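Below is one structure, written out as C-alpha coordinates, with a few remarks after it.
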Amino acid sequence: MNFDYLVVGAGFSGSVIAERISSLLGKRVLIVEQRNHIAGNAYDYFDENGVLVHKFGPHIFHTNSKKVWDYLSDFTEWIPYYHRVLGMIDGEMAPIPFNLNSLYKLFPSKNAEAIEVALLKQYKFGEKITIQQLQNNKSKQLQTFAAYIYEKVFHGYTVKQWGLRPEELDASVTGRVPIFISRDNRYFQDKYQAIPKHGYTEMFRRMLNSPNIKLLLNTDYKEIIADVHYNKLIFTGPIDMYFDYKFGRLPYRSLRFEFEFHNKEEYQEVGQINYPNEFEFTRITEFKKLTHQQNITGTTIAREYPEVYKKGFNEPYYPVPKKEYREQYMLYETEAQTIKDKVIFAGRLAEYKYYNMDQIVARALHLFEKEIKAEKDSV
Ligand code: FAD
Ligand code: UDP
(Lines give C-alpha, C1' and ligand atoms only; values in the text may rest on other atoms or scores of the structure.)
(Ligands and ions follow the chains in the order given, each with its own letter.)
Protein backbone atom coordinates (compact mmCIF):
# COMPACT_ATOMS: atom_id res chain seq x y z
CA MET A 1 0.00 0.00 0.00
CA ASN A 2 1.36 3.45 -0.94
CA PHE A 3 0.45 6.62 0.91
CA ASP A 4 2.01 10.01 1.45
CA TYR A 5 1.20 10.03 5.17
CA LEU A 6 0.41 7.37 7.73
CA VAL A 7 -1.66 8.66 10.67
CA VAL A 8 -1.95 6.54 13.82
CA GLY A 9 -5.19 7.31 15.70
CA ALA A 10 -8.53 8.71 14.49
CA GLY A 11 -9.11 11.10 17.42
CA PHE A 12 -9.03 14.89 17.12
CA SER A 13 -5.31 15.21 16.46
CA GLY A 14 -5.09 12.45 13.83
CA SER A 15 -8.34 13.39 12.10
CA VAL A 16 -7.68 17.14 11.88
CA ILE A 17 -4.18 16.60 10.49
CA ALA A 18 -5.45 13.99 8.00
CA GLU A 19 -8.25 16.28 6.86
CA ARG A 20 -5.86 19.21 6.29
CA ILE A 21 -3.37 17.06 4.37
CA SER A 22 -6.08 15.63 2.19
CA SER A 23 -8.02 18.80 1.43
CA LEU A 24 -5.22 21.39 1.28
CA LEU A 25 -2.33 19.33 -0.08
CA GLY A 26 -4.35 16.75 -2.03
CA LYS A 27 -2.10 14.01 -0.63
CA ARG A 28 -3.06 10.45 0.23
CA VAL A 29 -3.42 9.51 3.89
CA LEU A 30 -3.92 6.19 5.62
CA ILE A 31 -5.39 6.42 9.13
CA VAL A 32 -4.95 3.37 11.33
CA GLU A 33 -7.13 3.17 14.43
CA GLN A 34 -7.06 0.33 16.92
CA ARG A 35 -10.63 0.88 18.11
CA ASN A 36 -13.70 -0.02 16.06
CA HIS A 37 -14.69 3.62 15.59
CA ILE A 38 -13.45 7.10 14.72
CA ALA A 39 -13.50 10.23 16.98
CA GLY A 40 -11.12 8.97 19.69
CA ASN A 41 -12.30 9.83 23.16
CA ALA A 42 -14.92 12.20 21.76
CA TYR A 43 -16.82 9.24 20.26
CA ASP A 44 -20.60 9.31 20.76
CA TYR A 45 -23.30 6.87 19.67
CA PHE A 46 -27.00 6.08 20.17
CA ASP A 47 -27.40 3.47 22.91
CA GLU A 48 -30.01 0.68 22.80
CA ASN A 49 -32.63 3.08 24.16
CA GLY A 50 -31.94 5.65 21.46
CA VAL A 51 -30.11 8.07 23.75
CA LEU A 52 -27.04 9.80 22.28
CA VAL A 53 -24.26 9.09 24.80
CA HIS A 54 -20.55 9.92 25.03
CA LYS A 55 -18.80 6.59 25.38
CA PHE A 56 -15.73 8.05 27.09
CA GLY A 57 -17.34 10.55 29.44
CA PRO A 58 -18.95 13.95 28.98
CA HIS A 59 -17.40 16.01 26.17
CA ILE A 60 -18.36 19.67 26.20
CA PHE A 61 -16.86 21.82 23.51
CA HIS A 62 -15.72 25.28 24.60
CA THR A 63 -13.17 27.67 23.14
CA ASN A 64 -12.15 31.30 22.80
CA SER A 65 -10.45 30.57 19.50
CA LYS A 66 -12.38 31.81 16.47
CA LYS A 67 -9.95 29.90 14.27
CA VAL A 68 -10.80 26.57 15.94
CA TRP A 69 -14.51 27.36 16.01
CA ASP A 70 -14.56 28.30 12.30
CA TYR A 71 -12.55 25.25 11.35
CA LEU A 72 -14.86 22.76 13.09
CA SER A 73 -17.94 24.64 11.87
CA ASP A 74 -17.08 23.44 8.35
CA PHE A 75 -18.02 19.94 9.53
CA THR A 76 -20.90 20.50 11.90
CA GLU A 77 -23.74 22.72 12.93
CA TRP A 78 -23.94 23.39 16.64
CA ILE A 79 -26.41 23.43 19.50
CA PRO A 80 -25.51 26.11 22.04
CA TYR A 81 -24.85 24.48 25.39
CA TYR A 82 -23.64 26.11 28.61
CA HIS A 83 -22.36 23.43 30.94
CA ARG A 84 -23.55 23.66 34.54
CA VAL A 85 -22.17 21.51 37.31
CA LEU A 86 -23.37 21.09 40.87
CA GLY A 87 -21.32 19.54 43.64
CA MET A 88 -22.87 17.54 46.46
CA ILE A 89 -21.43 19.22 49.55
CA ASP A 90 -22.72 18.50 53.04
CA GLY A 91 -26.00 17.26 51.57
CA GLU A 92 -26.51 20.43 49.48
CA MET A 93 -26.08 20.95 45.73
CA ALA A 94 -23.76 23.92 45.18
CA PRO A 95 -22.44 25.36 41.89
CA ILE A 96 -18.97 24.19 40.78
CA PRO A 97 -16.64 26.01 40.15
CA PHE A 98 -17.21 27.40 43.64
CA ASN A 99 -18.64 30.91 43.29
CA LEU A 100 -20.60 33.44 45.34
CA ASN A 101 -23.81 31.45 44.81
CA SER A 102 -22.06 28.37 46.27
CA LEU A 103 -20.99 30.48 49.23
CA TYR A 104 -24.56 31.57 49.98
CA LYS A 105 -25.88 28.05 49.40
CA LEU A 106 -23.51 26.49 51.95
CA PHE A 107 -23.03 29.16 54.62
CA PRO A 108 -25.53 30.93 56.88
CA SER A 109 -26.23 34.30 55.23
CA LYS A 110 -24.44 36.40 57.92
CA ASN A 111 -21.21 34.38 57.47
CA ALA A 112 -21.59 34.36 53.70
CA GLU A 113 -21.94 38.15 53.66
CA ALA A 114 -18.81 38.58 55.79
CA ILE A 115 -16.79 36.25 53.53
CA GLU A 116 -18.08 38.01 50.40
CA VAL A 117 -16.95 41.38 51.82
CA ALA A 118 -13.52 39.90 52.66
CA LEU A 119 -13.19 38.40 49.16
CA LEU A 120 -14.18 41.62 47.43
CA LYS A 121 -11.63 43.55 49.47
CA GLN A 122 -8.86 41.43 47.97
CA TYR A 123 -10.17 40.41 44.56
CA LYS A 124 -12.20 42.02 41.82
CA PHE A 125 -15.72 40.87 41.05
CA GLY A 126 -15.37 38.52 38.07
CA GLU A 127 -11.86 37.39 39.03
CA LYS A 128 -10.89 33.72 39.08
CA ILE A 129 -8.44 32.50 41.72
CA THR A 130 -6.93 29.10 42.24
CA ILE A 131 -7.37 27.24 45.49
CA GLN A 132 -3.61 27.66 46.06
CA GLN A 133 -3.89 31.44 45.70
CA LEU A 134 -6.73 31.52 48.21
CA GLN A 135 -4.82 29.27 50.61
CA ASN A 136 -1.85 31.68 50.41
CA ASN A 137 -3.96 34.73 51.15
CA LYS A 138 -2.76 36.67 54.20
CA SER A 139 -6.24 37.09 55.69
CA LYS A 140 -6.95 34.50 58.42
CA GLN A 141 -10.63 34.59 57.51
CA LEU A 142 -9.92 33.75 53.86
CA GLN A 143 -7.43 31.04 54.87
CA THR A 144 -10.19 29.36 56.89
CA PHE A 145 -12.52 29.71 53.91
CA ALA A 146 -9.83 28.24 51.60
CA ALA A 147 -9.39 25.28 53.98
CA TYR A 148 -13.14 24.66 53.77
CA ILE A 149 -13.19 24.69 49.95
CA TYR A 150 -10.03 22.59 49.77
CA GLU A 151 -11.58 19.95 51.99
CA LYS A 152 -15.11 19.96 50.59
CA VAL A 153 -14.45 20.47 46.87
CA PHE A 154 -10.89 19.52 45.95
CA HIS A 155 -9.35 17.01 48.31
CA GLY A 156 -11.72 14.05 48.03
CA TYR A 157 -12.40 14.48 44.32
CA THR A 158 -8.71 14.77 43.44
CA VAL A 159 -7.70 11.77 45.54
CA LYS A 160 -10.39 9.72 43.79
CA GLN A 161 -9.60 11.05 40.31
CA TRP A 162 -5.80 10.83 40.44
CA GLY A 163 -4.93 8.73 43.48
CA LEU A 164 -2.97 11.84 44.56
CA ARG A 165 -3.65 14.89 46.72
CA PRO A 166 -3.99 18.28 44.97
CA GLU A 167 -0.56 19.44 46.20
CA GLU A 168 1.09 16.35 44.67
CA LEU A 169 -0.07 17.41 41.18
CA ASP A 170 0.73 20.45 39.04
CA ALA A 171 -1.30 23.41 40.28
CA SER A 172 -2.74 23.62 36.75
CA VAL A 173 -4.95 20.58 37.51
CA THR A 174 -7.10 22.18 40.22
CA GLY A 175 -6.48 25.49 38.42
CA ARG A 176 -8.87 24.21 35.74
CA VAL A 177 -11.68 24.75 38.24
CA PRO A 178 -10.81 28.05 39.93
CA ILE A 179 -12.86 29.83 42.58
CA PHE A 180 -14.94 32.37 40.70
CA ILE A 181 -15.76 35.68 42.39
CA SER A 182 -19.01 35.89 40.51
CA ARG A 183 -22.61 34.75 40.36
CA ASP A 184 -22.11 33.11 36.96
CA ASN A 185 -22.96 29.43 37.42
CA ARG A 186 -21.55 28.27 34.07
CA TYR A 187 -18.64 25.79 34.23
CA PHE A 188 -16.84 27.63 31.42
CA GLN A 189 -16.84 31.27 30.37
CA ASP A 190 -15.47 30.80 26.84
CA LYS A 191 -16.91 32.76 23.94
CA TYR A 192 -17.96 29.65 22.01
CA GLN A 193 -19.70 26.84 23.91
CA ALA A 194 -21.69 24.20 22.06
CA ILE A 195 -22.28 20.55 21.22
CA PRO A 196 -22.15 19.31 17.59
CA LYS A 197 -25.76 19.16 16.42
CA HIS A 198 -25.52 15.63 15.04
CA GLY A 199 -22.89 14.44 17.49
CA TYR A 200 -19.09 14.31 17.52
CA THR A 201 -18.86 11.08 15.54
CA GLU A 202 -20.85 12.57 12.66
CA MET A 203 -18.57 15.63 12.71
CA PHE A 204 -15.54 13.33 12.39
CA ARG A 205 -17.24 11.30 9.64
CA ARG A 206 -17.63 14.47 7.58
CA MET A 207 -14.04 15.48 8.30
CA LEU A 208 -12.69 12.17 7.05
CA ASN A 209 -15.06 11.84 4.09
CA SER A 210 -12.49 12.25 1.31
CA PRO A 211 -11.24 9.99 -1.48
CA ASN A 212 -7.71 10.90 -0.31
CA ILE A 213 -8.28 9.36 3.13
CA LYS A 214 -8.36 5.64 3.74
CA LEU A 215 -9.36 4.45 7.19
CA LEU A 216 -8.39 1.16 8.76
CA LEU A 217 -10.25 0.41 12.00
CA ASN A 218 -9.65 -2.41 14.51
CA THR A 219 -5.96 -2.32 13.70
CA ASP A 220 -2.92 -1.59 15.81
CA TYR A 221 -0.45 0.27 13.60
CA LYS A 222 2.25 -2.27 14.47
CA GLU A 223 0.28 -4.93 12.57
CA ILE A 224 0.53 -3.09 9.26
CA ILE A 225 3.43 -0.66 9.41
CA ALA A 226 5.86 -3.01 7.67
CA ASP A 227 3.48 -3.36 4.70
CA VAL A 228 2.79 0.34 4.15
CA HIS A 229 4.95 2.71 2.13
CA TYR A 230 4.65 6.28 3.35
CA ASN A 231 6.78 9.40 3.59
CA LYS A 232 5.85 10.58 7.04
CA LEU A 233 4.17 9.19 10.16
CA ILE A 234 1.82 11.20 12.38
CA PHE A 235 1.63 9.37 15.70
CA THR A 236 -1.15 10.19 18.20
CA GLY A 237 -0.94 7.15 20.51
CA PRO A 238 1.07 6.95 23.76
CA ILE A 239 4.66 8.10 23.13
CA ASP A 240 6.16 5.60 25.61
CA MET A 241 4.53 2.75 23.66
CA TYR A 242 6.02 4.06 20.40
CA PHE A 243 9.51 3.80 21.89
CA ASP A 244 8.84 0.39 23.46
CA TYR A 245 8.95 1.91 26.96
CA LYS A 246 12.72 2.37 26.76
CA PHE A 247 12.60 5.08 29.44
CA GLY A 248 9.95 3.28 31.50
CA ARG A 249 6.17 3.41 31.41
CA LEU A 250 4.57 6.83 31.72
CA PRO A 251 1.66 6.69 34.14
CA TYR A 252 -1.80 7.47 32.79
CA ARG A 253 -5.06 7.63 34.69
CA SER A 254 -8.01 5.59 33.51
CA LEU A 255 -11.74 5.50 34.19
CA ARG A 256 -14.51 2.94 34.27
CA PHE A 257 -17.89 4.19 33.06
CA GLU A 258 -21.09 2.71 34.40
CA PHE A 259 -24.05 3.53 32.15
CA GLU A 260 -27.61 3.28 33.42
CA PHE A 261 -30.93 3.89 31.68
CA HIS A 262 -33.84 5.36 33.64
CA ASN A 263 -37.37 5.28 32.36
CA LYS A 264 -38.13 8.83 33.41
CA GLU A 265 -37.96 12.28 31.90
CA GLU A 266 -35.10 13.61 34.03
CA TYR A 267 -32.53 12.05 36.37
CA GLN A 268 -30.86 15.12 37.85
CA GLU A 269 -31.11 18.89 37.85
CA VAL A 270 -28.12 19.63 35.59
CA GLY A 271 -25.92 17.81 33.07
CA GLN A 272 -23.22 16.95 35.60
CA ILE A 273 -23.19 16.44 39.35
CA ASN A 274 -19.88 16.01 41.16
CA TYR A 275 -19.50 13.96 44.33
CA PRO A 276 -16.22 15.10 45.88
CA ASN A 277 -16.82 13.42 49.21
CA GLU A 278 -19.22 10.52 48.88
CA PHE A 279 -19.10 7.32 46.82
CA GLU A 280 -16.27 5.84 44.77
CA PHE A 281 -17.31 7.61 41.57
CA THR A 282 -16.45 11.28 40.94
CA ARG A 283 -19.40 12.46 38.88
CA ILE A 284 -22.67 11.57 37.20
CA THR A 285 -23.49 12.86 33.72
CA GLU A 286 -26.98 12.93 32.24
CA PHE A 287 -26.40 13.00 28.48
CA LYS A 288 -29.79 14.33 27.36
CA LYS A 289 -29.04 17.51 29.28
CA LEU A 290 -25.89 18.03 27.19
CA THR A 291 -27.26 17.15 23.78
CA HIS A 292 -30.80 18.56 24.19
CA GLN A 293 -32.01 15.40 22.47
CA GLN A 294 -35.75 15.67 21.83
CA ASN A 295 -38.52 13.10 21.36
CA ILE A 296 -36.92 10.40 23.43
CA THR A 297 -38.45 8.44 26.28
CA GLY A 298 -36.21 7.96 29.27
CA THR A 299 -32.70 9.13 30.01
CA THR A 300 -29.20 7.62 30.25
CA ILE A 301 -26.61 8.55 32.86
CA ALA A 302 -22.98 7.54 33.41
CA ARG A 303 -21.01 7.30 36.63
CA GLU A 304 -17.22 7.68 36.41
CA TYR A 305 -14.97 5.49 38.53
CA PRO A 306 -11.29 6.48 38.31
CA GLU A 307 -8.76 3.66 37.99
CA VAL A 308 -5.05 3.07 37.66
CA TYR A 309 -4.20 2.53 33.97
CA LYS A 310 -3.01 -0.95 33.10
CA LYS A 311 -2.20 -1.76 29.47
CA GLY A 312 -4.57 -4.35 28.05
CA PHE A 313 -7.12 -3.88 30.84
CA ASN A 314 -8.35 -0.32 30.37
CA GLU A 315 -7.64 2.89 28.42
CA PRO A 316 -5.03 5.61 29.07
CA TYR A 317 -7.35 8.62 29.30
CA TYR A 318 -5.33 11.17 31.24
CA PRO A 319 -1.60 11.90 31.39
CA VAL A 320 -0.73 12.61 35.03
CA PRO A 321 0.41 16.25 35.37
CA LYS A 322 3.28 15.93 37.82
CA LYS A 323 6.85 17.23 37.58
CA GLU A 324 8.63 13.86 37.74
CA TYR A 325 6.45 12.37 34.97
CA ARG A 326 6.99 15.47 32.83
CA GLU A 327 10.73 14.88 33.22
CA GLN A 328 10.31 11.24 32.22
CA TYR A 329 8.25 12.37 29.22
CA MET A 330 11.04 14.79 28.24
CA LEU A 331 13.36 11.78 27.72
CA TYR A 332 10.92 10.53 25.13
CA GLU A 333 10.49 14.01 23.67
CA THR A 334 14.29 14.30 23.22
CA GLU A 335 14.29 10.94 21.46
CA ALA A 336 11.36 12.11 19.29
CA GLN A 337 13.43 15.12 18.17
CA THR A 338 16.03 12.79 16.61
CA ILE A 339 13.43 11.37 14.20
CA LYS A 340 11.40 14.50 13.63
CA ASP A 341 11.87 14.47 9.86
CA LYS A 342 10.12 11.07 9.80
CA VAL A 343 7.61 11.15 12.68
CA ILE A 344 5.39 13.87 14.16
CA PHE A 345 4.04 13.21 17.67
CA ALA A 346 0.71 14.94 18.26
CA GLY A 347 -2.02 14.74 20.88
CA ARG A 348 -2.87 14.10 24.48
CA LEU A 349 -1.06 10.77 24.64
CA ALA A 350 1.78 11.50 22.23
CA GLU A 351 2.69 14.80 23.94
CA TYR A 352 1.68 13.63 27.42
CA LYS A 353 -0.33 16.78 27.94
CA TYR A 354 -3.75 17.42 29.48
CA TYR A 355 -5.22 19.04 26.34
CA ASN A 356 -8.89 19.98 25.93
CA MET A 357 -10.53 19.37 22.56
CA ASP A 358 -10.13 22.94 21.34
CA GLN A 359 -6.47 23.00 22.38
CA ILE A 360 -5.79 19.80 20.49
CA VAL A 361 -7.51 21.13 17.37
CA ALA A 362 -5.41 24.32 17.61
CA ARG A 363 -2.30 22.20 18.10
CA ALA A 364 -3.12 19.97 15.11
CA LEU A 365 -3.77 22.98 12.87
CA HIS A 366 -0.47 24.52 14.01
CA LEU A 367 1.48 21.30 13.38
CA PHE A 368 -0.06 21.01 9.95
CA GLU A 369 0.87 24.60 9.04
CA LYS A 370 4.37 24.62 10.54
CA GLU A 371 5.61 21.05 10.15
CA ILE A 372 3.72 19.64 7.18
CA LYS A 373 2.58 22.38 4.84
CA ALA A 374 5.67 24.54 5.42
CA GLU A 375 7.93 21.57 4.70
CA LYS A 376 6.08 20.85 1.47
CA ASP A 377 6.20 24.55 0.48
CA SER A 378 9.95 24.61 0.96
CA VAL A 379 10.58 21.56 -1.28
P1 FAD B 1 -7.51 10.53 21.49
O2 FAD B 1 -8.90 11.02 21.37
O3 FAD B 1 -7.16 9.66 22.66
O4 FAD B 1 -7.14 9.75 20.14
C5 FAD B 1 -6.01 8.91 20.02
C6 FAD B 1 -6.43 7.70 19.22
O7 FAD B 1 -5.27 6.90 18.91
C8 FAD B 1 -7.39 6.79 19.98
O9 FAD B 1 -8.60 6.63 19.26
C10 FAD B 1 -6.63 5.49 20.13
O11 FAD B 1 -7.46 4.34 20.07
C12 FAD B 1 -5.66 5.55 18.95
N13 FAD B 1 -4.46 4.73 19.14
C14 FAD B 1 -3.64 4.70 20.21
N15 FAD B 1 -2.66 3.79 20.04
C16 FAD B 1 -2.87 3.21 18.84
C17 FAD B 1 -2.20 2.20 18.11
N18 FAD B 1 -1.13 1.54 18.61
N19 FAD B 1 -2.66 1.86 16.87
C20 FAD B 1 -3.78 2.47 16.36
N21 FAD B 1 -4.45 3.44 17.02
C22 FAD B 1 -4.01 3.81 18.24
N23 FAD B 1 -12.09 17.97 26.26
C24 FAD B 1 -12.89 19.07 26.17
O25 FAD B 1 -12.54 20.04 25.47
N26 FAD B 1 -14.09 19.12 26.83
C27 FAD B 1 -14.54 18.09 27.60
O28 FAD B 1 -15.63 18.17 28.18
C29 FAD B 1 -13.71 16.94 27.73
N30 FAD B 1 -14.10 15.91 28.51
C31 FAD B 1 -13.30 14.82 28.62
C32 FAD B 1 -13.74 13.78 29.45
C33 FAD B 1 -12.95 12.63 29.58
C34 FAD B 1 -13.41 11.54 30.49
C35 FAD B 1 -11.71 12.53 28.86
C36 FAD B 1 -10.86 11.30 29.00
C37 FAD B 1 -11.28 13.57 28.05
C38 FAD B 1 -12.07 14.72 27.93
N39 FAD B 1 -11.68 15.78 27.09
C40 FAD B 1 -12.47 16.91 27.02
C41 FAD B 1 -10.39 15.76 26.37
C42 FAD B 1 -10.51 15.21 24.94
O43 FAD B 1 -11.00 13.89 24.99
C44 FAD B 1 -9.11 15.22 24.31
O45 FAD B 1 -8.62 16.54 24.26
C46 FAD B 1 -9.08 14.68 22.89
O47 FAD B 1 -9.82 13.51 22.76
C48 FAD B 1 -7.64 14.41 22.52
O49 FAD B 1 -7.57 13.95 21.20
P50 FAD B 1 -6.34 13.09 20.73
O51 FAD B 1 -6.49 12.89 19.28
O52 FAD B 1 -5.08 13.68 21.23
O53 FAD B 1 -6.46 11.71 21.54
N1 UDP C 1 -11.73 19.04 40.73
C2 UDP C 1 -12.08 18.83 42.05
N3 UDP C 1 -13.41 18.91 42.40
C4 UDP C 1 -14.38 19.15 41.50
C5 UDP C 1 -14.02 19.35 40.16
C6 UDP C 1 -12.68 19.28 39.80
O7 UDP C 1 -11.23 18.59 42.89
O8 UDP C 1 -15.57 19.19 41.87
C9 UDP C 1 -10.29 18.97 40.39
C10 UDP C 1 -9.85 17.51 40.17
O11 UDP C 1 -8.50 17.38 40.52
C12 UDP C 1 -10.05 17.36 38.68
C13 UDP C 1 -9.54 18.73 38.18
O14 UDP C 1 -10.03 19.65 39.18
O15 UDP C 1 -9.30 16.30 38.15
C16 UDP C 1 -9.99 19.14 36.82
O17 UDP C 1 -11.41 19.09 36.74
P18 UDP C 1 -12.13 19.00 35.31
O19 UDP C 1 -13.58 19.13 35.56
O20 UDP C 1 -11.49 19.97 34.40
O21 UDP C 1 -11.76 17.52 34.89
P22 UDP C 1 -11.97 16.69 33.52
O23 UDP C 1 -13.31 17.07 32.98
O24 UDP C 1 -10.82 17.04 32.63
O25 UDP C 1 -11.92 15.27 34.00
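The values are calculated or read from the model by the stated rules, or taken from the named source; none is laboratory data. The shown structure was predicted, so the numbers you read here are calculated from the model rather than taken from an experiment. We place every Cβ from the backbone using ideal geometry, glycine too, and count neighbours over all the protein chains shown. Accessible surface is based on the protein model in full, side chains and every heavy atom, while ligands, DNA and RNA are left aside. Shrake-Rupley method; radii C 1.70, N 1.55, O 1.52, S 1.80 Å.
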message = Can you give me the solvent accessible area of Asp244 with a 1.4 Å probe, rounded to the nearest 10 Å²?
response = 110
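Kindly rank 175-184, 38-47 from highest to lowest mean number of other beta carbons found within 10 Å of each residue. Working shown, then result.
Numbers: 175-184: 18.2, 38-47: 20.4.
Packing order, densest peptide first, comes out as 38-47, 175-184.
Quick one: with all protein chains in place, what share of the accessible area of the chain is carbon or sulfur, to the nearest percent (1.4 Å probe)?
Numbers: 8600 of 17520 Å².
The C+S portion of the solvent-accessible surface of the chain is 49 percent.
Above 14 angstrom, tally the Cα pairs of the stretch 140-229 and express them as a % of all pairs, no decimals.
Values: 3197 of 4005 pairs.
Taking all Cα-Cα pairs of the stretch 140-229, the fraction more than 14 Å apart is 80 percent.
Based on the Kirkwood radius over alpha-carbon pairs, what is the Stokes-Einstein translational diffusion coefficient of the stretch 59-175 at 25 °C with 0.890 mPa s viscosity, in µm²/s? Present the calculation step by step, with values, prior to reporting the outcome.
Numbers: Rh = 16.5 Å.
Result for D is 149 µm²/s.
Once you mark the GluC sites (Glu not before Pro) that are in a DSSP loop and have at most 13 other Cβ atoms within 10 Å, what is the longest gap between them in the chain?
Numbers: sites that count: Glu48, Glu77, Glu265, Glu266, Glu269, Glu278, Glu280.
The longest such stretch corresponds to 78-264.
Treating the beta-carbon of each Lys and Arg as +1 and of each Asp and Glu as -1, no other charges, what is the dipole magnitude of the stretch 224-273 about its Cα centre, to the nearest 20 debye? Before the final figure, lay out the partial values.
Numbers: 6 positive and 8 negative charges, 88 e Å.
For this selection, approximately 420 debye.
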inquiry  = If I histogram all Cα-Cα distances within the stretch 184-269 using bins 5 Å wide from 0, what percent of pairs lands in each bin?
reply    = 2, 7, 9, 12, 16, 16, 13, 12, 7, 3, 2, 0
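Rounded to the nearest 0.05, what FRET efficiency do Tyr354 and Asp244 give with R0 = 25 Å and r taken as the Cβ-Cβ distance? Could you check?
Numbers: r = 24 Å, r/R0 = 0.97.
With a Förster radius of 25 Å, E is 0.55.
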request  = Give me the accessible area per residue for the chain, probe 1.4 Å, as a whole number in Å².
outcome  = 46
query = If you average over every viewing direction, what projected area does the convex hull of the Cα atoms of the stretch 35-79 give, in nm²?
reply = 4.2
ask   = Under the rule of -39500 (n - 2.57) per DSSP H run of 4 or more residues, summed and divided by the residues of the chain, what mean residue ellipticity at 222 nm is obtained, to the nearest 500 deg cm²/dmol?
value = -8000 deg cm²/dmol
note = With all protein chains in place and a 1.4 Å probe, Phe345 shows an accessible area in Å² (nearest 10) of 20
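Can you tell me the alpha carbon radius of gyration of the chain divided by the globular rule-of-thumb value 2.2 N^0.38 Å? Mind dumping the intermediate values first?
On the way: Rg = 22.1 Å, N = 379, 2.2 N^0.38 = 21.0 Å.
Relative to the 2.2 N^0.38 Å estimate, the chain comes out at 1.05.
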ask   = In nm, to one decimal, how far is the Val308 label point from the Asn49 one, both placed 7 Å along Cα→Cβ?
value = 3.4
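Please compute the length gained on full extension between Lys264 and Lys342, using 0.36 nm multiplied by the number of residues separating them and subtracting their Cα-Cα distance. Spell out each step's value before the answer.
Details: separation 78, 0.36 × 78 = 28.08 nm, distance 5.38 nm.
Full-extension gain reported as 22.7 nm.
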message = Just to confirm the number: angle between the C-alpha axis of helix 140-149 and the first principal axis of the chain, 0 to 90 degrees, nearest 10?
response = 50
ask   = Computed FRET efficiency, Cβ-Cβ of Glu278 and Ala226, R0 51 Å: what is it to the nearest 0.05?
value = 0.50
note = Expressed as a percent, the portion of alpha-carbon pairs in the stretch 267-343 spaced more than 21 Å apart is 57
